[in-house]
Amino acid sequence: MTISMAHFPILAIMVLFLGAFLVALFGRKSEVLRNGISFLATGGAMAFMLALIKPVMIDGEVITYWLGNWAPVSGWAIGISIEVDALSLFFGLVITVAVFVSCIYAFTYMKEDDSLANYFTLFLMLSGSVLGLVLSGDLFNMFVMIEIMTFTAVALTAFRNNYEGAIEGAFKYLAVGALGSTAVLTGIAILYCQLHTLNLAQIAATLPQYADSPLTIMAFGLLFIGFGTKAFIFPFHPLAADAHAVAPASISLMISGVLTKCGVYGIIRLVYVLFQNVEVPAVQYLVVGFGTVSMFICVTMAFNQHNFKRLLAFHSISQVGYVIAAIGLGTALGLSSGLYHAMNHTLFKGLLFLTAGAVQHATGSLDLDRLGGLAKKMPKTCILFLIGAASISGLPPFNGFASKWYIYQAAFEKGSTSGNFFFIFVCVVALITSVLTLASFIKVAQSVFFGQLSPEFKDTKEVSLAMRIPMWILAVLCIFTGLLPGKVSEYLLTPATNAAMNAVNYIDQMMGQGYAVSHGVAGSLGDTAVTFAGVWDPVIWLLLLFCVTCAVAIVAILGSNRKLGTREAPAALQEPEKVAPAEAKYEPFFSGEESVYSQVGGSDLFWGFKHNLKKYFSFMHDWHSGIVNDYALYGVVAIAFVLVFCIAFV
Amino acid sequence: MLQVNYIGAFCLIVLGMYCMIAKKNLMKTCIGMGMMDYGVNLLIVSVGFHDGGTAPIFVISELSRASFFVDPVPQALTLTSIVIGACTTAMALSLVIMAKKQYGTINTEQIRRLNG
Amino acid sequence: MKLKKKSIIVKCAADLFLPLASIFGIYVVMHGNTSPGGGFQGGVLIASALLLFFLAYGGKKMKSTFHEGFLHSTESLAEVVYIVVALIGVFAGFNFCLNFIVFPQFQIETAMVMNDAVGYHVMAGVICLLIVMLTTLNSDDEDVEEGSDQKCCK
């Protein structure tokens, strides 16, 4: 009774759904059973995905599987299929690791909530549907999985319904998400009308002969904006901000790390495999344009925020903007760097959201204007936060630097080979966004961890080890993927990029050899060889950073007249270590009474920058009005714009 | 040839979007979401229709070359879509009930504590 | 203007139609693999019997008749049965969701077992949902006892 490896994908999905219903059956009576079943389900799914690395990524096979043994009849696909190639397995690995970490974190973080059986049921259904989405080979199956994903995410966002604004955030997510789902379903209906099939491989094979008809182009526009809604691109970003601010931290990891990646996966399948029109310049402008606008607007919005998790949510969408801009470039280096940044984003954003959850668990507050000085009470969480902040800003030995460098290189090369100024402009905007991200995280670090401790948080304690272990897993993965970009590229990125750009192989594996050529599908898109420019080695940069830090520490210690390691100094005398340059301005205003609590809070930093751009910031503040009708209006305008653009130019 | 059902489907979708944009009551937003779903369902069923075809139910021994059915695949898609629409409506209505309990009102201009 | 008293006409009509609605729903579920219908449609039809009951007898009686806790626990059991039946084929070497119990002359196959499981799950789920929705905001509404039917509705 051996189970061949072809059954592993469906077993991975079903083990999560089965775990969800077993938790619903047994979870109410016993906490041990509930935690045990969840742990086994998520661990089992991760084990199945890891076992598939050897055949799919290294040997290059593609696993094809027809549900119910309904094989194609005379060249026409009649069943639902599952097709796992390297691109699907790449996303599957990222998803199962994130799900596993979130599950372990939730055991301790959610301890004080009740009806936890419902939480774990919904969480396992969310994980199962997301994994089903990336492994599916059938378009309507993807739609059903998107819907399950949306419902469970909305229900989990509203889980702590005694928080202020939880119900409101969940309703906005549902209402505007319904717009996106309707767009996807209309696109699928129009595509079925034209092609009479729902199988991804068969659509990819029969689409080229209809490539110019307006119906197909309309379907492309609708599917693009529908998947973009799930990835929270530009006009749909207020939903993410509202949902992240009220969701529990382990669910924020899922929404920002996993659900957005499903939208990105949908866009990659759409543009590279189904329609294969990523070489058309208008499509490149569309995708890269949406990515760049998301990137820039969200990072500027982050300066105005007072809630820790809402600020992290805006940064999350800005990084997803990077990924979409990189994917839209159409070259192998662009796709490869986009995938690398997608994986890194799940890791470092997950780490940042988990530290925010730890701060919330320990102090009960997420308000940047009231927190401060927590580094003394929670030093280990502070270190983890600094690792995450350094990764997202793109500082050298961490993974953010590697993937952002590749994105800059890809955009610049695309600009220089095509002679088009637009892509150089995108590269410049990406660099500016990176600098603004660093500024924003200096602000957060100062207002949450450094500075003076407010008297109301005097007796906060460090969070327990059970909550720190998932954070350390993510931090270690951040460091490893940053130190070994060559290995990551060889084992994970290059097979995934080759699989995405080689649609002929995808079709032939599913429907039989020679099917693609007989329908006139062209060969693989472009050059799949990827070479990385620049002479740099992360280990050397790590040594350089270490030497510079030692030098700065020696100078600081010799220069001050404090003894190292005193713990009796009162909180008011401690000076903030990482001082923003604006600190010196405030000293004349403090009268020198050291017992006065005078924390430079989150809203006080960068006040000059905010004051000069007052018009822009107040316009943006009014534009994110919080009314669900306005957000629906922005969504409908985006759908209309994409449709008009596609029909006019593509 | 005037295809009334296609025109009706797109009108329903657009009317549903209008309801979501212009009406300030949360219940009307839910109705708008539901109308969008029904419009898309009508579109999917219309796609599968062939003139003169009968319902695709048969016993395998009575099947012959001359039997002409409408396409059964869009009917399966529509069933699934109706189920999903029912779940969306149920979840939206539950959230509206909880919002009424918490905020005391279901006017969208007063339920806006998360903004900026 | 609230209807404070349940009139006797509604009660008699509900008593007459409740068994018909339930039997029709069960018929649609069981014949799901050979005629239009199936799990979801039949499940919702059976659950609509609950609405008739609510109109006739009121919220308190509805809650005491339909045991919400029992339904909630058994609906997950039905879903587990569905997944296990679908997975049995995998362990025997076939693909997922294969029809492996086939008696063509009785028209019974695996699809019928799965239909019944889905039908029970949908019925239980919709009943729990309706009970929660109908009793959340109206919990302060008192149902007048059905003893005296000389008073007319206000």
> Going by the structure shown, is residue A:102 farther than 20 Å from residue A:493 by Cα, of a type in the set (S, T, N, Q) and modelled with pLDDT of 85 or more?
Replying inline: yes
>> The conditions are (1) over 25 Å from residue A:197 (Cα atoms); (2) of a type in the set (D, E, K, R); (3) within 12 Å of chain A (Cβ to nearest Cβ), and residue B:37 fails exactly one of them. Which is it?
In response: (1)
>> Every residue in the range A:428-457 that is of a type in the set (S, T, N, Q) and in a loop (DSSP other than H, G, I, E, B), please.
In response: A:452, A:454
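Conditions tested, residue by residue: (1) among the hydroxyl-bearing types (Ser, Thr, Tyr); (2) modelled with pLDDT of 90 or more; (3) closer than 16 Å to residue A:245 by Cβ; (4) surrounded by 24 or more Cβ atoms within 10 Å (Cβ to Cβ).
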| site | (1), (2), (3), (4) |
| --- | --- |
| A:285 | yes, yes, no, no |
| A:327 | no, yes, no, yes |
| A:342 | no, yes, no, yes |
| A:345 | no, yes, no, yes |
| A:382 | no, yes, no, no |
> Which of the residues spanning the range A:130-148 are among the hydrophobic types (A, V, I, L, M, F, W, C) and within 12 Å of chain B (Cβ to nearest Cβ)?
Replying inline: A:139, A:140, A:143, A:144, A:145, A:146, A:148
>> Take residues that are β-branched (Val, Ile, Thr) and tell me which of the helices (runs of 4 or more DSSP H) falling wholly in the range A:318-427 contain 3 or more.
In response: A:332-363, A:379-393
> Going by the structure shown, is residue B:39 touching a Leu at 6+ places or on another chain (Cβ under 6 Å) and part of a helix (DSSP H, G or I)?
Replying inline: yes
> So residue A:172 clears everything in (1) touching a Leu at 6+ places or on another chain (Cβ under 7 Å); (2) at the interface with chain B (Cβ under 9 Å from one of its Cβ atoms); (3) surrounded by fewer than 24 Cβ atoms within 10 Å (Cβ to Cβ) except one condition, right? Which one?
Replying inline: (3)
> Just checking, which of A:57, A:46, A:1 is at pLDDT below 85, more than 14 Å from every other protein chain (Cβ to nearest Cβ), surrounded by fewer than 23 Cβ atoms within 10 Å (Cβ to Cβ) and in contact with a Phe, Trp or Tyr (Cβ under 7 Å, 6 or more places away or on another chain)?
Replying inline: A:57
> Which of the residues spanning the range A:4-43 are among the polar types (S, T, N, Q), free of Cβ contacts under 8 Å to residues at least 12 places away in the same chain and either within 9 Å of chain C (Cβ to nearest Cβ) or under 20 Å from residue C:79 (Cα atoms) (or both)?
Replying inline: A:4
> residue A:411 passes all but one of (1) in contact with a Phe, Trp or Tyr (Cβ under 6 Å, 6 or more places away or on another chain); (2) aliphatic (A, V, I, L, M); (3) closer than 17 Å to residue A:447 by Cβ; which number fails?
Replying inline: (3)
>> For the structure I just gave you, tell me whether residue A:642 is in contact (Cβ under 8 Å) with a residue 24 or more places away in the chain, under 27 Å from the mean Cα position of the chain (by Cα), farther than 15 Å from residue A:300 by Cβ and crowded, with 17+ Cβ neighbours inside 10 Å.
In response: yes
> Could you list, in sequence order, the residues of the range A:23-43 that are of a type in the set (D, E, K, R), part of a helix (DSSP H, G or I) and surrounded by 16 or more Cβ atoms within 10 Å (Cβ to Cβ)?
Replying inline: A:34
> Among the residues of the range A:356-372, how many are crowded, with 22+ Cβ neighbours inside 10 Å and small (Gly, Ala, Ser)?
Replying inline: 4
>> Looking at the range A:68-87, can you tell me whether even one residue there is under 30 Å from residue A:356 (Cα atoms), more than 9 Å from every other protein chain (Cβ to nearest Cβ) and in a helix (DSSP H, G or I)?
In response: no
>> So for the range A:66-73 (the condition being crowded, with 21+ Cβ neighbours inside 10 Å and in contact (Cβ under 8 Å) with a residue 24 or more places away in the chain), does at least one residue qualify?
In response: no
> Yes or no: residue A:186 within 12 Å of another protein chain (Cβ to nearest Cβ), closer than 26 Å to residue A:342 by Cα and either in a helix (DSSP H, G or I) or basic (Lys, Arg) (or both)?
Replying inline: no
>> Looking at (1) touching a Phe, Trp or Tyr at 6+ places or on another chain (Cβ under 9 Å); (2) under 13 Å from residue C:123 (Cα atoms), which one does residue C:18 not meet, given that it meets all the others?
In response: (2)
> Out of all the residues in the range A:130-137, is one or more touching a residue at least 24 places away in the same chain (Cβ under 8 Å), in a helix (DSSP H, G or I) and more than 22 Å from residue A:56 (Cβ to Cβ)?
Replying inline: no
> Going by the conditions given, is residue B:29 surrounded by 14 or more Cβ atoms within 10 Å (Cβ to Cβ), in contact with a strand residue (DSSP E or B) (Cβ under 8 Å, 6 or more places away or on another chain), closer than 29 Å to residue A:314 by Cβ and at the interface with chain A (Cβ under 10 Å from one of its Cβ atoms)?
Replying inline: no
> Within the range B:17-35, which residues are touching a residue at least 24 places away in the same chain (Cβ under 8 Å) and either more than 20 Å from residue B:110 (Cα to Cα) or of a type in the set (D, E, K, R) (or both)?
Replying inline: B:24, B:33, B:34
> Name the helices (runs of 4 or more DSSP H) wholly within the range A:458-565 that hold at least 2 residues that are at pLDDT 80 or above?
Replying inline: A:465-483, A:485-488, A:494-501, A:503-511, A:538-559
> Has the range B:65-78 got any residue that is of a type in the set (Val, Ile, Thr), facing chain A (nearest Cβ under 7 Å) and not in a helix (DSSP H, G or I)?
Replying inline: no
> In the range B:49-81, which residues are under 22 Å from residue A:190 (Cα atoms), of a type outside the set (S, T, N, Q) and without any contact (Cβ under 8 Å) to a residue 12 or more places away in the chain?
Replying inline: B:51, B:76, B:79
>> From the list A:52, A:18, exactly one residue is within 17 Å of residue A:129 (Cα to Cα) and buried (at least 17 other Cβ atoms within 10 Å of the Cβ). Which is it?
In response: A:18
> Can you name every residue in the range B:93-116 that is part of a loop (DSSP other than H, G, I, E, B), more than 7 Å from chain A (Cβ to nearest Cβ) and touching a residue at least 24 places away in the same chain (Cβ under 8 Å)?
Replying inline: B:106
>> Out of the helices (runs of 4 or more DSSP H) lying entirely within the range C:1-69, which hold 1 or more residues that are within 12 Å of the chain's Cα centre (by Cα)?
In response: C:8-30, C:39-57
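The values are calculated or read from the model by the stated rules, or taken from the named source; none is laboratory data. Keep in mind the model is a prediction, meaning the values are calculated, not measured. Here the Cβ is made from the backbone with ideal geometry for all residues, glycine too, and neighbour counts use every protein chain on show.
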